[in-house]
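Structure first, commentary second.
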Amino acid sequence: MFKKINLKNRTALVTGAGKGLGKACAIALAEAGAKVIILSRTKSDLIKVSKIIKKTKGSSQLFVCDVTNLEDFKKVLKKISRLDILINNAGNNRPQHFTKVTQENMEYLTNLNMKAAFNVAQLCSQKMVKEKNRRKIGGSIIHMSSQLGRVGCEGRNVYNMNKFGVEGLARGMACELAPYNIRVNTVCPTFVETPMVKKFFKNKKFKNKMLKNIPLGRVAKESDVATAVAFLAADSSEMITGTSLLVDGGWTAQ
Amino acid sequence: MGIFLKDINLKGKTALITGATKGLGRGAAIAIAEAGGNIIALGRNQTELNSLKREIKKFKVNYLPFNCDVNDYDRMKLFISDLKKLDILVNNAGTNIPESFLNVKKSSMETLLNVNTKAVFNIAQLCANQIIKLKRKSGSIINISSIFGIVAGQKRTVYSMTKFGVEGLTKGMALDLAKYNIRVNSVCPNIVLTPRTKKYFADKKYNKYVKDNTPINKVVTVSDVATSITFLASEAASMITGSSIVIDGGWTAK
């Protein structure tokens, strides 16, 4: 009756896999049995992640790649023989008050969080639909969204715009890829203990204010998000598509 | 327990499931037992409560049946407030009487409100109070909702009214119970093939309606829903509260 999270014989590509959530997802997927292809701009980070994966008896292949460079990403895809799962994770944030957002930051965030997310998803989908047994074994694409893809927050207007966009993209993709049995979902975490959030939380006033907004009274762990991602990647969720798994401790329920 | 992949393990936990004799409730009971949880099964059919015992006992967990109508508040209260162990509630008992809005009978409207709304509220309240009284470290309540808790369907006005209500209740409960570390979520399945829906699927027009509205070309199974319920019940979902897992093959993404 219960469908275990099992990714044996599946190949998963994880972008932004050098640090934070991407790293956690890559390791969790490997722990569930997947062969993992990890991408990041920083080779030393990727080597560390692949060493952890090796320790858990998993297998990985690493590529140094900036996902905003479409040609580079295409080259990576050419070197991969198979793809069943995409964790479209690479992203960033530069909080600024709406009236003060610089053109440079808006362009940088939108290029990474939206344009690259779209391009990576499109290229991977094109590869995934070609697989002969795709309809039978299915495929799964998970976009790393955020609770800020569901509600607004101070200083997060560009990030809000980007992540609400990703939520829309996921639903559109879900409709179009369903005939191939490729599912598309997002995960919407609250603040997670990642290097990116640690930086924001140096501001104690901000940290306390944000914690007050999480009914469960704690930030999420990387493993909370990575487990949700693994659940969506596996056949445990084979009828879940076009939706979001909120890992937000109740933030958006208010 | 992996580094980033959390186990879905309910060993030592006790789950109360309403409407446990048939369909989704029965599936949830079996899946939770499979994950190691002890089962308290509520239902009105003694023969089925007995046959469920044989299935649950296979997993070497405790089984406590209780023959009771969820509308019988006094008996429910007596039973629940006497429980020595309780961590999880699968608030499943529900029904439907499809009628077009203009012809909805007063008696059907009242039946649905009593079972799907009032009894759901009462049982959730009784169980939450008991989990707090027993000083459990954590708790998880899963309300069984529906895609008709998110969108409307033909001849589903009362059902939608009750299930939209359950969605609201879920979010409200999540906020009030967060400080006790009791998480509250719902699952929203598409039309699942169960003893109750069998008669709907017998109608060819209805069959086509479901198929045409489900981008992933499959019917949701009891096992699909039971798996999501078990995930939410476990500590693998320890940061998920006040939200819904939508298991609809893309129905509501359109």
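Neighbour counts of other Cβ atoms within 10 Å put A:31, B:99, B:110 in the fewest-to-most order B:110, B:99, A:31. Calculate how steeply helix B:23-34 sits against the longest principal axis of the alpha-carbon atoms of chain B, using the helix alpha-carbon long axis, and give the answer as 0 to 90 degrees to the nearest 10. That works out to roughly 30 degrees.
Pairwise Cα distances in the protein assembly as shown exceed 33 Å in 38 percent of cases. Compared with the dominant Cα axis of chain B, that is its longest principal axis, helix B:46-57 is turned about 60°.
The charge dipole of the protein assembly as shown, taken about its Cα centre with unit charges on the Cβ atoms of Lys, Arg (+1), Asp and Glu (-1) only, comes to about 1060 debye. Between B:102, B:134, B:86, the residue with the greatest mean-square fluctuation in the GNM of chain B (Cα pairs under 10 Å linked by springs) is B:102.
Which entries in A:205/B:171; A:19/A:209; A:19/B:135; A:4/A:202; B:58/B:84; A:202/B:163 show an alpha-carbon gap greater than 32 Å? Cα-Cα > 32 Å for A:19/B:135; A:4/A:202; A:202/B:163; rest within. The helix-based estimate of mean residue ellipticity at 222 nm for the protein assembly as shown, built from -39,500 (n - 2.57) per DSSP H run of four or more residues and divided by its residue count, is -12500 deg cm²/dmol to the nearest 500.
What you get for region B:3-133, charging only the Cβ of Lys and Arg (+1) and of Asp and Glu (-1), is a dipole of about 380 debye around the Cα centre.
How many percent of all Cα-Cα pairs in chain A sit more than 23 Å apart? Counting every Cα pair in chain A, those more than 23 Å apart make up 48 percent.
What the Cβ-Cβ distance of residue B:74 and residue A:130 gives, at R0 = 60 Å and to the nearest 0.05, is a FRET efficiency of 0.45.
Shape class for region B:52-144, computed from the alpha carbon gyration tensor (a ≥ b ≥ c): prolate, with a/c not under 1.5 and a/b above b/c. Stretched out straight at 0.36 nm per residue, the stretch from residue A:202 to residue A:56 would grow longer than its current Cα-Cα span by 49.3 nm.
The mean number of Cβ atoms from other chains found within 10 Å of a Cβ in peptide A:172-185 is 3, as a whole number. Mind pulling the angle between the C-alpha long axis of helix B:120-133 and the longest principal axis of chain B? Nearest 10 degrees, somewhere in 0 to 90. Tilt of helix B:120-133: around 10 degrees. Using C-alpha pairs under 8 Å with a sequence gap of at least 6, the mean separation divided by the residue count of region B:1-125 gives a relative contact order of 25 percent.
Amide H contacts of residue A:139: A:182, A:183, each under 5 Å away and 5 or more positions distant or on a separate chain (H built 1.01 Å from N in the peptide plane; Pro and chain starts excluded). From the square roots a ≥ b ≥ c of the eigenvalues of the alpha-carbon gyration tensor of region A:53-94, which class results: rounded (a/c under 1.5), prolate (a/b over b/c), or oblate? Because a/c hits 1.5 or more and a/b fails to exceed b/c, region A:53-94 counts as oblate. Among rounded, prolate and oblate, which fits region A:125-206 when a ≥ b ≥ c are the square roots of the eigenvalues of its C-alpha gyration tensor, a/c under 1.5 means rounded, and a/b larger than b/c means prolate? Prolate, since a/c reaches 1.5 and a/b exceeds b/c. As a size descriptor, the averaged projected area of the C-alpha convex hull of region A:89-168 was calculated at 5.7 nm². With a Förster radius of 41 Å applied to the beta-carbon distance between residue B:133 and residue B:108, the computed FRET efficiency rounds to 0.65.
Taking a straight Cα-Cα cut-off under 14 Å and skipping sequence neighbours fewer than 8 places away in the same chain, the aspartates and glutamates within cross-link reach of residue A:100 are A:154.
With neighbour counts taken as other beta-carbon atoms within 10 Å, the residues A:10, A:94 rank, fewest first, as A:94, A:10. When you restrict to C-alpha pairs under 8 Å that are six or more residues apart and normalise by the size of region A:76-170, the relative contact order lands at 41 percent. Among the helices of chain A, those built from whole DSSP H runs whose Cα atoms reach 27 Å or more along their own axis and whose mean Kyte-Doolittle hydropathy is at least -0.5 are A:157-177.
With each label modelled as a point 7 angstrom along the Cα→C-beta vector, the residue B:202-residue A:100 pair spans 6.8 nm. Shown for A:102, A:186: other C-beta atoms within 10 Å of each C-beta, ranked fewest to most, produce the order A:102, A:186.
Looking at this model, which pairs from A:23/A:57; A:78/A:127; A:48/A:198; B:57/B:198 are more than 18 angstrom apart at the alpha-carbon? Cα-Cα > 18 Å for A:48/A:198; B:57/B:198; rest within.
No value in this document is a laboratory result; all are computed from the given coordinates. As the structure is a computational prediction, the values presented were derived from the model and not from experiment. We place every Cβ from the backbone using ideal geometry, glycine too, and count neighbours over all the protein chains shown.
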